[in-house]
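The next block holds one structure in the form of structure tokens; read it before the comments.
The values are calculated or read from the model by the stated rules, or taken from the named source; none is laboratory data. These numbers come from a predicted model, not from an experiment. In this analysis, Cβ positions are derived from the backbone assuming ideal geometry, glycine residues included, and neighbour counts consider all displayed protein chains.
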Amino acid sequence: MISEKEYSTKLAEVLSYLEERIKVVPEFGVILGSGLGAFADLVKEKVVIPYKDIPHFPISTVEGHAGQLVFGKVEGRSVVVMQGRFHYYEGYTMQEVTFPIRVMQVLGVNGLIVTNAAGGINSAICSGDLILIKDHLNLMGDNPLRGANLSDLGPRFPDMSEGYNLEWRQKALVIAKEMGINPQEGVYVAVSGPSYETPAEIRYMRTIGADMVGMSTVPEVIVANHGGMRVLGISCVTNMAAGIMGQKLSHVEVMKTAERVEKQFVQFVKELVGVL
Ligand code: HPA
């Protein structure tokens, strides 16, 4: 675990590296989940910076993730898009996983749309559905804020009672309806992965109130809340969770479903960036 001072020094170095390269300072952040990267194609006046070129950035290893920051404009707003994220299961620490959120924070981003691919637990959900995250359960067994508090960046004990902004969720439900997307909200449970859940684990997660399950998002959302950002979360249900339909799970299926709904998903996020 790195010290507060070390972390601040790293952040300052990234900030000066990025500020030399970008044309407009972003006000809005978007994180694109597995197979949902096409949103980055919409960005105008683009400046693309691969993670591997950014000092102190971890490198994305998972299939289906491009691994770059895309700066520019969407619907007239200045955005920074993470095309590909860092997962805890890749072996990164929680601080590494959430480092880009801190970078966004120090750049001045105050609103974040987080997206992911998830397994459906609630049987009212179908594969291919887009679901707004209304709350989460952290079963990752770790927290990105553990250790010395970065007091310049947020409080020691941040409130999480509205981790996913209510007003934004309400707006997003209206937009979903207008776009012909079934307006749904659910509770997302995060696990560390990388093995998919067992059917018994899924029964447990359903019992404790989860509607969908995935291996990301929660660390980023905790850090974004700590940093005072408003957050909207969207899950793309790429498969029904283990034991629900009796089928086996595969990353191929996850990517295939994500690809199938990508167009609708991209439109939805674009509309949201315009109104949130
Ligand atoms: N479980 C965990 N993570 C996932 C799943 C799943 O079923 N589908 C997509 N990401």
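Things worth noting here:
- Enumeration of residues in the stretch 198-237 that are touching a helix residue (DSSP H, G or I) at 6+ places or on another chain (Cβ under 7 Å) and within 13 Å of the ligand (Cβ to nearest atom): V213, M215, C236
- Of all the numbered requirements in (1) within 16 Å of the ligand (Cβ to nearest atom); (2) surrounded by fewer than 19 Cβ atoms within 10 Å (Cβ to Cβ), M179 misses one, and that requirement is (1).
- Search result, residues across the stretch 20-44 that are acidic (D, E) and under 23 Å from the mean Cα position of the chain (by Cα): E27, D41
- Filter result for S161 (free of Cβ contacts under 8 Å to residues at least 12 places away in the same chain, within 16 Å of the ligand (Cβ to nearest atom) and either on the phi > 0 side of the Ramachandran plot or not in a helix (DSSP H, G or I) (or both)): no
- Test for E4: is it of a type in the set (D, E, K, R), in contact (Cβ under 8 Å) with a residue 40 or more places away in the chain and closer than 24 Å to R156 by Cα: yes
- Among the residues of the stretch 85-116, not one is without any contact (Cβ under 8 Å) to a residue 24 or more places away in the chain and not in a loop (DSSP other than H, G, I, E, B).
- Of all residues in the stretch 14-63, those that are assigned to a helix (DSSP H, G or I) and within 15 Å of Q105 (Cβ to Cβ) total 4.
- Restricting attention to the stretch 68-84 and to residues that are part of a loop (DSSP other than H, G, I, E, B) and at pLDDT 90 or above, the residue that is surrounded by the fewest Cβ atoms within 10 Å (Cβ to Cβ) turns out to be G76.
- Some residue of the stretch 217-233 being among the polar types (S, T, N, Q), without any contact (Cβ under 8 Å) to a residue 24 or more places away in the chain and assigned to a loop (DSSP other than H, G, I, E, B): no
- Qualifying residue in the stretch 129-144 (condition: more than 19 Å from the chain's Cα centre (by Cα), within 16 Å of the ligand (Cβ to nearest atom), buried (at least 22 other Cβ atoms within 10 Å of the Cβ) and over 21 Å from A12 (Cα atoms)): no
- Sole residue being among the charged types (D, E, K, R) and at pLDDT below 95, chosen from E96, E162, E167: E96
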